[in-house]
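Read through the structure below, which is laid out as structure tokens, and then see the notes.
The values are calculated or read from the model by the stated rules, or taken from the named source; none is laboratory data. Remember, it's a predicted structure, so these values are computed and weren't measured experimentally. Cβ placement follows ideal geometry from the backbone for every residue including glycine, while neighbour counts extend to all protein chains displayed.
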Amino acid sequence: MIRHPSQMEPLLPQDAQAGQVLELAHDLRVEATRLTGACQSGASAELAQLLGAMNSYYSNKIEGEHTRPLEIEQALSHDFSQDADKARLQRLAVAHMATENWIHEQAPDVAACYAPDFLCNIHRHLFVQLSDADRIVRLLDAQGAVTEELIVTPGQLRSRQVRIQHHVAPAADAVPALLARWSAVYAGTRRGELQVVAAAAAHHRLVWIHPFADGNGRVSRLHSLAVMGAMGLTGGLWSPLRGLARQADRYSEHLGNADLPRQGDLDGRGQLSERMLLAWITFFLQVCLDQVRFMARMLNLRDMQDRLGALLAHEAHVVRRGVRLEALRPLHYLFATQGELSRGDFASMTGLGERTATTLIGKLLDAGLLRSDSPRGPVRFGIPLNALRFLFPSLWPEAEADAAAEAAPK
């Protein structure tokens, strides 16, 4: 039974073995910083909200408990399914989004992200939003039969022994000491590439400790979002959760492999395999780089102008909701350079007459391509789910499919 913090060493790879992952960390820092610096556009807030819904969807999908993107959108409007299980999943999705927003509002620095209290607060914020019925966990035997039900207590470290597939988690009474060691090492990592490597390593070791009765995967992924954000790498423009979910089998495999004990004298100096820890870190950082590069392509301003043009042409000639091609210039301006425009300035940029431009603004608001907080207030760029296949193709394929199904003739 695992009881001592030394049993989860190594927490970081030795310098002699870390060359490849440090190079990946360097590339990630450079490319993520370039992306966040170049894309402080008017669409950033709207994109961050969209990514929050996507993160919720993908994190819950990894756990086998996801709801459809359209159902998440409905839940955000307090429209919950009559099906009890679907409604529970909708509430879980909304809770995940609220917790991610809460983390952003806290704006912790990197060291604060590794405080055990911060972990408990993430867990508490996520689960306190759910009813007792929504927090029931059913324990199964080897044949899949329910042996026991328990209610997860928000923010409380586990008090019982657990097994997750092949991994026997550390003894419950050892969790505080393990978290203290986890916190001390990763919070104290020097800034730069090693801090990025530490974020990847910390994700695995947190899952390995399994500090809570339930919700460990979700909390670990939310924690990784917090750390990457605290390092200034995400800016609300990309997320590793999309990549982890799209390679869910490899994600699970690498996490499991990094649980393995040391494999001989050349496999590091701790009790766990350094080689497998390095493989996990490599996988995690490659996922992050892939997501940064994907979003860099999506946020290219010239390409976005072309995609906006295709979307407006589709709206004008296929959907026929009164949206006109003259909206391209002000919409692209909103996306690229400006958080908001007055309605008068937006109308002027269309080149249309006042009445026609006012009607067009109303149609764009109806379509969700513009957002506004009041009937006469300024407008900002909008990203409705049914526009994803034009604006951000392949970003969230399941949401594209949902929107297409909803729009199809009944």
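Brief remarks on what is shown
- Residue in the stretch 139-155 that is in contact with a His (Cβ under 9 Å, 6 or more places away or on another chain) and either within 18 Å of Gly52 (Cβ to Cβ) or surrounded by fewer than 16 Cβ atoms within 10 Å (Cβ to Cβ) (or both) present: no
- Residue list for the stretch 1-33, restricted to those being among the β-branched types (Val, Ile, Thr) and either crowded, with 17+ Cβ neighbours inside 10 Å or not in a helix (DSSP H, G or I) (or both): Ile2, Val21
- Scanning the stretch 231-264 for residues that are over 18 Å from the mean Cα position of the chain (by Cα) and assigned to a loop (DSSP other than H, G, I, E, B), we see that the one that is nearest to Ala201 (Cα to Cα) is Ala258.
- Which numbered condition Glu105 misses (of (1) out of contact with any Pro (no Cβ under 9 Å at 6 or more places or on another chain); (2) more than 20 Å from Pro240 (Cα to Cα); (3) in a helix (DSSP H, G or I)): (2)
- Flag for Gly353 being farther than 18 Å from Phe381 by Cβ, of a type outside the set (A, V, I, L, M, F, W, C) and not assigned by TED's automatic domain parsing to the domain that holds Leu225: yes
- Residue that is nearest to Ala84 (Cα to Cα) [pool: residues in the stretch 38-63 that are of a type in the set (Gly, Ala, Ser) and modelled with pLDDT of 90 or more]: Ser56
- Any hit, the stretch 279-289, residues being within 24 Å of the chain's Cα centre (by Cα), among the small types (Gly, Ala, Ser), in a helix (DSSP H, G or I) and within 30 Å of Gln14 (Cβ to Cβ): yes
- Within the stretch 48-105, considering residues that are hydroxyl-bearing (Ser, Thr, Tyr) and without any contact (Cβ under 8 Å) to a residue 60 or more places away in the chain, the one farthest from Gly235 (Cα to Cα): Ser81
- For the stretch 53-81, the set of residues classified as farther than 20 Å from Ala405 by Cα and assigned to a loop (DSSP other than H, G, I, E, B) consists of Glu63, Gly64, Glu65, His78, listed by residue number.
- Within the stretch 177-230, if we keep just the residues that are assigned to a helix (DSSP H, G or I) and among the β-branched types (Val, Ile, Thr), the residue that is surrounded by the most Cβ atoms within 10 Å (Cβ to Cβ) turns out to be Val196.
- Looking at Gln106, Gln90, Gln74, just one residue is under 18 Å from Met54 (Cα atoms), under 17 Å from the mean Cα position of the chain (by Cα) and either surrounded by fewer than 20 Cβ atoms within 10 Å (Cβ to Cβ) or polar (S, T, N, Q) (or both), and that residue is Gln90.
- From the options Leu139, Leu92, Leu130, residue that is in a helix (DSSP H, G or I), touching a Leu at 6+ places or on another chain (Cβ under 8 Å) and either in the same structural domain as Val197 (by TED's automatic domain parsing) or of a type outside the set (Asp, Glu) (or both): Leu92
- Residue pairs whose Cβ atoms lie under 8 Å apart, sitting 6 or more positions apart in sequence or on different chains, and linking a residue in the stretch 152-180 that is farther than 20 Å from Asn257 by Cβ to a partner that is hydroxyl-bearing (Ser, Thr, Tyr) and assigned to a loop (DSSP other than H, G, I, E, B), are Ala172/Ser159.
- Failed condition for Arg380, given (1) charged (D, E, K, R); (2) assigned to a loop (DSSP other than H, G, I, E, B); (3) in contact (Cβ under 8 Å) with a residue 24 or more places away in the chain; (4) over 24 Å from Glu406 (Cα atoms): (2)
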